[in-house]
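Chemist: Next up is a structure, given as structure tokens.
The values are calculated or read from the model by the stated rules, or taken from the named source; none is laboratory data. Note that this is a predicted model, so its numbers are computed, not measured. FYI the Cβ positions are ideal-geometry reconstructions off the backbone, even for glycines, and counts take in every protein chain you see. These accessible areas exclude ligands, DNA and RNA; they are computed on the full protein's heavy atoms, side chains included. Shrake-Rupley method; radii C 1.70, N 1.55, O 1.52, S 1.80 Å.
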Amino acid sequence: MNNKRSRAVSRQKIQAAVIDLLKDHELQDLRVTTICQKAQINRSSFYDNYIDIYDLTDKLREYLVDEYQRLQDDISEPSFTILLQHIKDHQDLYRMFFKLNLQMGLAERFTDQKQQKNYFDQTFFRNGIVAVIGEWLKTDCAAPVAEIVEVIDAHHHCLEK
């Protein structure tokens, strides 16, 4: 049991270190040694948890997608306000989302994938949401959630016409 807990603590330290390092570095520039130094663990602890940096990246992607999916599952109806508040409250998580190129799924629940006649409008809208969120994150979510919701809603209503 103690070994399991120790590994879990190491994983948390490693993930926190990677999230922090990715603020200033690209994923391909990270090295196991740098991650271990930042996490204050030894290399063997890293390799007890991950095969290599790519395995770590895959596990982080899974975690981020699962976390995002959990949020979506908790919402009975898609809500820009809930999504944006979650982004504001977990900025590092979503910056990582963008850094690992997972952001395109952010807007999926807000468009009707089956409606072919508006396919290009929907694609334009989804990409617009992602761009707005990306820019908002670059400003540390300085604009109020309500302001960003207003911008997105204004364009969302255009799709309904």
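Chemist: If you count only protein heavy atoms with a 1.4 Å probe, what accessible area per residue comes out for the chain, rounded to a whole Å²?
Modeler: Using a 1.4 Å probe on heavy atoms only, each residue of the chain averages 62 Å².
Chemist: Among the lysines in the chain, how many pairs, 8 or more places apart or on different chains, have alpha carbons under 21 Å apart?
Modeler: The result is 19.
Chemist: I would also like to ask the following. Please compute the alpha carbon radius of gyration of the chain, then divide it by the globular-protein estimate 2.2 N^0.38 Å. Two decimals is fine.
Modeler: Cα Rg divided by the expected 2.2 N^0.38 Å: 1.21.
Chemist: Taking the Cα atoms of the range 17-93, what is the range of coordinates along each of the three principal axes, in descending order and whole Å?
Modeler: 44, 23, 20
Chemist: Multiply the residue separation of residue 121 and residue 67 by 0.36 nm, subtract the distance between their alpha-carbon atoms, and state the gained length in nm to one decimal.
Modeler: 16.6 nm
Chemist: Size of the dipole of the chain about the Cα centre, Lys and Arg at +1 and Asp and Glu at -1 on the beta carbon, nothing else charged, in debye to 20?
Modeler: Rounded to the nearest 20 debye, it is 660 debye.
Chemist: Which of 123, 81, 139 ends up with the largest GNM mean-square fluctuation for the chain, with Cα atoms connected below 10 Å?
Modeler: 139
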